[in-house]
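Some notes on the structure that comes next.
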Amino acid sequence: MTAGIWWFFSMACVALALVPAGAHLAELPHKFRLPAHEYLVVQQLYAGWSLFGSVVLGALLCTGVLIVLVHREPRLLAVAALAFLCILATQIVFWVFTQPANRATRNWTVLPDDWMRLRTQWEYSHAASAVLNLIALFALLYAALSQGTALFH
């Protein structure tokens, strides 16, 4: 498989991973104004979004392959490594901050006494992931634009 295909799939997977994270970021200021019951109702809209995890795994795989394919080209290696590390960081953020909040609230079906702290943790962890996904996507797009069509040959 040519490197161009890996660049394409890397950009596609990272862009798709940005969709839910970006949605969370866009919703954040509005959701903080919701009272407890309404917040719990809104959180149910995310049922099934865990399927986006496969896109994140695809982004990790594709950018990891890119690192191997471009390891002799320092500039492209740096870009691929940056994208990979950003996507990896989204997973660290998820497992350290998002998932514990999901577990404590039983995926937002109950609100424990400290639900406001958990909400803040959950919302800001998604915001951080959105920023990391955006950096990864911009890094890959920068490589594509700076290399022109040579990247896809």
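Every read-out reported here was derived from the displayed coordinates using simple, explicitly stated rules and does not represent laboratory data. The structure displayed is predicted, hence computed values, not measured ones. We place every Cβ from the backbone using ideal geometry, glycine too, and count neighbours over all the protein chains shown.
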| task | Would you kindly derive the ³J(HN,Hα) couplings of the stretch 31-39 from the backbone phi angles with the Karplus curve 6.51 cos²θ - 1.76 cosθ + 1.60 (θ = phi - 60°), listing them in order in whole Hz, with x for Gly and Pro? | result | 6, 5, 8, 6, x, 3, 4, 5, 4
| Between Thr105 and residues 5 or more places away or on another chain, which pairs have amide H atoms under 5 Å apart, with H built 1.01 Å from N, and which residues are they? | none
| request: Could you go through the stretch 70-75 in sequence order and give the Karplus-derived ³J(HN,Hα) for each residue, using 6.51 cos²θ - 1.76 cosθ + 1.60 with θ = phi - 60°, rounded to whole Hz, and x for Gly and Pro? | output: 10, 4, 8, 10, x, 5
| remark: HN-Hα couplings for the stretch 96-105 via Karplus (6.51, -1.76, 1.60; θ = phi - 60°), in whole Hz with x for Gly/Pro, come out as 8, 10, 6, 4, x, 5, 4, 5, 5, 9
| remark: Phe52 and Arg72 label points (each 7 Å along its Cα→Cβ direction) are spaced in nm at 3.9
| Loop-located trypsin sites (Lys or Arg not before Pro) in the stretch 55-107 whose Cβ has at most 13 other Cβ within 10 Å (DSSP) | Arg72, Arg106
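If we count other beta carbons within 10 Å of each Cβ, what is the order of Thr105, Thr90, Thr63, fewest first? Let's see the in-between values first.
Values: Thr105 19, Thr90 26, Thr63 29.
By the 10 Å Cβ count, ascending: Thr105, Thr90, Thr63.
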| message | For Met116, Met11, which order do you get if you count the other beta carbons within 10 Å of each Cβ and list the fewest first? | response | Met116, Met11
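Summing +1 for each Lys or Arg and -1 for each Asp or Glu, what net charge is found among the other residues whose Cβ lies under 13 Å from the Cβ of Ser146?
0
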| remark: Fewest-first ordering of Ile92, Ile87, Ile135 by Cβ atoms within 10 Å yields Ile92, Ile135, Ile87
| message | Over the chain, what is the relative contact order in percent, taking alpha-carbon pairs closer than 8 angstrom and at least six residues apart? | response | 40
| field | Label-to-label distance, nm, for residues given as Trp95 and His30 (7 Å Cα→Cβ offset) | value | 3.3
